[in-house]
């Protein structure tokens, strides 16, 4: 028995189609949306963020059926969405940039699914298909989810076609030929979509990506799961607009102190990330081979060197620093942290979710590598000497020859540092010049070659790689200020954010900082403002020093404030509306008032079991009601009155308003007939 035949014997619903068919339409559409959401990777888009971008849209989609002012619905939607995002941010921290692409589609998807779950599913299915494509782009191809999505999407479209046929024809008519044609058309459409998804996935797999490791490396070969970019630090942008440095904001980010109360050195580096894959405008994090931490309460980074003391630092994080793990150079062990994502060989640690736990770091202060130290051969094979595509190598080579940069690592670092110090100057402004890329303007502009730490570090890293020396960009905090509350401790803020170069040897990672020493992320004394040593993207808004601004910032950042605002909006929504006073003149603006009267009439008819389906004109709707002997004369007169006002240019006077009111009463009577 066919699906259409199986539903013939079911009781008909209010719109002419069997109730079981409408329930099947809703279930299939909700299943398609759920499968599309499940195709998004949880590592990129955690469940709290998923709920934050779907639940508000679903609530608005259901609530918008009620008779409320439009401005009130818009206000409620804004507050509800902002509160949900704030809650997700406080719960799991920021999401990744690729996941933000999917989040732009989720609210309209949730709205369309709940709004038209038993009507026209085309918009909701289109949006869910877009979410499926985003999942394929971010996390790859999953055949099981795609096949299941294709099946339920086919079912949703087919059931919608059957419901449409019930609305426009008598149930007794045979629909077998039409059903076969619809099945063929929908099948071809779904097959084309699935082929398109597969083609997109195969195309992406052929394109170069910094999130994939080198397949020829032993590190990648031993790991069966694909390497993924992790967190927000997936790019180091040379124009200063975005990237990991711009994510760190606040005057107090990290406090470090020694357990024995001794003084922390003033030239301390605290690394929180690195970047390995270059281009002319940005560096990306490259491949990671993540594994578990070595113990439940910390991680061992490596064996300490003999003959050198082990120092310990207690690291306390605040605000935006909670999503990073800050490590000094030559760290050997971290204690007091759980739920860490670890890349052991690359010395990369990151909490799986932001937390402000204080932890203890053991590290050594080692001398600079000697000339006999051996560079890392594994990192050579993994591409840490790769250069950006489109780079003018000849121009860089001429500069290297001019500075007499050799291939010996120690001598090369010294020559590059001296060359940059004499060739470029440190400035808070971005490089300017005739070239398309800022790094080229930083090095090759004719007049004024200037930039800040990220430009010094990027230029030095590219030059070292041209000499065959494996290196990467390191980012974090440097220097800090003496803490006023804890003797011997140092406080680091956003003004101390800094970038440098890390040269990889067989037995250690060595920090090479090409930025001039007096401009290395050093903060000024209190109340002195910022000097040329502060990067522009790390500047703190001085208005926050004003007490009123600080109080306003605190209130905005308090969950209770958002809870109170949400409660006020809900209370305002539930308050009964006062009926407007009749206007002094009866001949007022016609179209809006007539349209509101028509909407009330259509809602009353829908509640009486006669819903006007999307795309159906008022004339066709009246004809359909008349064919089913469900068109009272008052309703027909109301339809004619609206058409006269809307398209005939007639005024919506008292008589026509009464016609619409009589039609509304007749429609309400159809829902609640008087007993015989």
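Taken together, the values in this text are just the output of simple stated rules run on the coordinates, not laboratory data. Bear in mind that the values here come from a model prediction, so they are computed numbers and not experimental data. Cβ placement follows ideal geometry from the backbone for every residue including glycine, while neighbour counts extend to all protein chains displayed.
One table, with the values for the structure above:
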read-out: Modelled FRET efficiency - R0 41 Å, residue 144 with residue 122, Cβ distances, 0.05 increments; value: 0.95
read-out: Additional length obtainable on full extension of the chain from residue 75 to residue 308, 0.36 nm per residue less Cα span; value: 77.6 nm
read-out: Protection proxy ranking, peptides 446-457, 382-393, average beta carbon neighbours within 10 Å, highest first; value: 446-457, 382-393
read-out: For peptides 127-134, 642-649, sequence by mean Cβ density within 10 Å, most packed first; value: 127-134, 642-649
read-out: Difference of contour (0.36 nm per residue) and Cα-Cα distance, residue 366 to residue 266; value: 34.4 nm
read-out: Exposure proxy ranking, count of Cβ atoms within 10 Å, fewest first, for 38, 331; value: 38, 331
read-out: Rounded FRET efficiency, nearest 0.05, which uses the C-beta distance separating residue 616 from residue 506 and R0 of 60 Å; value: 0.20
read-out: Contour excess over end-to-end distance, with Cα ends at residue 421 and residue 332 and 0.36 nm allotted per residue; value: 28.7 nm
read-out: Taking the C-alpha atoms of the stretch 267-406, convex hull volume expressed per residue in Å³; value: 162 Å³
read-out: Calculated FRET efficiency for the pair residue 55/residue 630, C-beta based, R₀ 35 Å, to 0.05; value: 0.40
read-out: Ranked by how many other beta carbons lie within 10 Å on average, peptides 347-355, 474-482 from highest; value: 474-482, 347-355
read-out: Euclidean distance of C-alpha centroids, the stretch 334-384 and the stretch 288-331, integer Å; value: 7 Å
